[in-house]
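Note sheet for the following structure.
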Amino acid sequence: MVEYSNTGSKDTRSGFGEALLELGKENPNVVALCADLTGSMKMDAFAKAFPERFFQCGIAEANMMSIAAGLTIGGKIPFTGTFANFSTGRVYDQIRQSIAYSNKNVKICASHAGITLGEDGATHQILEDIGLMKMLPNITVINTCDFNQTRAATFAVAKHSGPVYLRFGRPKVPNFTSADQDFEIGKAICMTEGTDVTLIATGHLVWQALEAGKVLSGKGIRAEIINIHTIKPLDYDAVLTSVAKTGCVVTAEEHMINGGLGDSIAQLLSREYPLPLEMIAVNDQFGQSGKPEELLEEYGLSSANIVEAVERVLARKK
């Protein structure tokens, strides 16, 4: 179990931008590529500090991915930056053929993921990106929960050998994980211990899960809350150890119910430990324009929705 406290709200994309600048100072092989969204991706500080290592590719995301793959051949560590929709769906062929298939050391960094992108609406709110990326062999998939974790993850993926999909967001969200955390790819984090239900969350919904845990505690329900920042490879041991204790699971994610974290947990449990499972996720729908907090409510991703799912799964457990 880890200590956590809300130190205020920050956008996760700024954690990426801050770490990228530091990586540029530490490692001359780190290069950055952007698809005409330098400010939105918080890559402007890197671009200003290292103009010879920054490549503005324009609105040509497929070309950006191909350039990044080529740069790895010369020993560079390329970080690509654009919105999650354009980092995955628009360039899936290039990622599959030029990056995943040949196991190129490209770091695909994607902001504005999920519905909390907000007012930009359904065309930009990709909810299937985790599923797209986790199905490709060789790619590690990471979905961070706050500014500090995104910053730490960016340092970790730079050291990792192989392609990585790093997913984060646009809005300011509670910043509650440790500023000096040791981010270990593929290692889940137990936020609170419990014996009644395992609550597994990723990304922005980790905070919603923690808020739900407080409500559940008031009802006498002890939830074990696990922060899954790495969707692939999934920490099987952490999940199975917890469910052996609690006997039921709720997953929570800002992603489509098909292909996301809940899907991976369901596959694991069906093979190793069948038991009641409820999933908090977007149910086979596109997003819409709105304020992030309103959209979380509209699509059933709030802490109240998590509490209701826990109550449903406990009823099934009995």
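Determine whether N148 is under 19 Å from A238 (Cα atoms) and out of contact with any helix residue (DSSP H, G or I) (no Cβ under 6 Å at 6 or more places or on another chain). Taking the combined requirement at face value, the residue does not satisfy it. Restricted to the stretch 217-257, the set of strands (runs of 3 or more DSSP E) holding at least 1 residues that are farther than 20 Å from G300 by Cα comprises 223-227, 230-232. Across the stretch 95-132, the number of residues qualifying as part of a loop (DSSP other than H, G, I, E, B) and among the polar types (S, T, N, Q) comes to 5. State yes or no: is T80 more than 17 Å from L132 (Cβ to Cβ), β-branched (V, I, T) and at pLDDT 95 or above? No: the conditions fail for T80. Here the condition is being in a loop (DSSP other than H, G, I, E, B) and buried (at least 19 other Cβ atoms within 10 Å of the Cβ); of L301, L275, L314, it holds for L301 alone. Figure legend. Inter-residue proximity from the stretch 202-217: first residues within 21 Å of K172 (Cβ to Cβ), second residues in a helix (DSSP H, G or I) and of a type in the set (S, T, Y), beta-carbon distance below 7 Å, spacing 6+ or different chains. Indicated pairs: H204/T116; Q208/S303; E211/S303; A212/S303.
V310 satisfies every condition listed in (1) out of contact with any Phe, Trp or Tyr (no Cβ under 8 Å at 6 or more places or on another chain); (2) within 26 Å of R170 (Cα to Cα); (3) among the β-branched types (V, I, T) except (2). Please determine, by comparing only the residues of the stretch 1-33 that are in a loop (DSSP other than H, G, I, E, B) and more than 14 Å from S178 (Cα to Cα), which one is farthest from the chain's Cα centre (by Cα). Looking at residues that are in a loop (DSSP other than H, G, I, E, B) and more than 14 Å from S178 (Cα to Cα), I get P28. For the residues A35, A100, A110, the requirement of being in contact with a Leu (Cβ under 8 Å, 6 or more places away or on another chain), surrounded by 19 or more Cβ atoms within 10 Å (Cβ to Cβ), in contact (Cβ under 8 Å) with a residue 40 or more places away in the chain and more than 25 Å from V206 (Cβ to Cβ) singles out A100.
The values are calculated or read from the model by the stated rules, or taken from the named source; none is laboratory data. Only a predicted model underlies this, so the values are computations on that prediction, with no experimental measurement involved. Note that we place each Cβ from the backbone using ideal geometry, even for glycine, and neighbour counts take in every protein chain shown.
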